[in-house]
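The structure appears right after this line, and notes come after that.
FYI, it's all coordinate maths here, none of it is from the lab. Here the structure is a predicted model, which is why all the values come from computation and not from measurement. In this analysis, Cβ positions are derived from the backbone assuming ideal geometry, glycine residues included, and neighbour counts consider all displayed protein chains.
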Amino acid sequence: MTRMISEELRALLKVYFIMGSMNCSRPPSAVLREAIAGGITLFQFREKGPGALTGTARVELARELQQICQRGGVPFIVNDDLELALTLDADGIHVGQDDAPALEIRQRFGSGKIIGVSAHSLAEARRAIADGADYLGVGPVYPTISKDDAQAVRGTAVIEELRAHGIAHPLVGIGGITAANAFPVIQAGADGISVISAMAAAADARAAARELAQVTD
Ligand code: TZP
Ligand code: MG
């Protein structure tokens, strides 16, 4: 399979929903179905941190959410865990700076898969691109309650900086993003926004997804 071209990926990054069971106060399957109905363009399974499922329960939930994504026509990305991504034949993987480099992942995961890398600076972004990342996750843009070990808040400045230095790669902002503060992230040069709590903790994930989709369209 050939590598997904950047324009397709830019469209997929518009409304990128990330979650695991620990982010949801309702069954994650229900939250995901609603979010898909509301127009999310990409989903990342991120079952980690306090209260996360482990072992078989984690794999079963991943499979269930992957099936929902497949029925809804939304690509399914796995956070961090290459073994799980390979087992499920996921559409992609997202890794952080402490995980295996994209270069290594590409060798095992194949050329048709999406590889996303978190980057917090120009140097990290350049390295990720050189290693073969398909897209960059940049942030935290705003303060977040969803990641205990999140790095310092960057604002939208780092996105502007990457674009000003000629980084044209598909790029999504992350961290504390809601429908109310998403527009500056797009204005700064991001192709889309990624959120956990703005959708996972919303009483109506469909409405939340719709509102975010309106901002990034
Ligand atoms: N990486 C940087 S901030 C963050 C991750 C995974 C958490 C984003 O969650 P929220 O609830 O959208 O702030
Ligand atoms: Mg990681």
Original post:
From the phi of every residue in segment 199-208, what ³J(HN,Hα) in whole Hz does the Karplus formula 6.51 cos²θ - 1.76 cosθ + 1.60 yield, where θ is phi - 60° and glycine or proline is x?
Top reply: 10, 5, 9, 6, 5, 10, 5, 5, 5, 4
Original post:
Between residue 95 and residues 5 or more places away or on another chain, which pairs have amide H atoms under 5 Å apart, with H built 1.01 Å from N, and which residues are they?
Top reply: 80, 116, 117, 118
Original post:
What is the spin-label model distance, in nm, from residue 104 to residue 123 if the labels are put 7 Å beyond Cα along the C-beta direction?
Top reply: 2.0
Original post:
Amide H to amide H, which residues 5 or more places from residue 44 or on other chains are under 5 Å from it, using H placed in the peptide plane?
Top reply: 17, 18, 19, 77
**OP:** For the chain, build the convex hull from the C-alpha positions and give me its volume per residue in Å³.
**Re:** 108
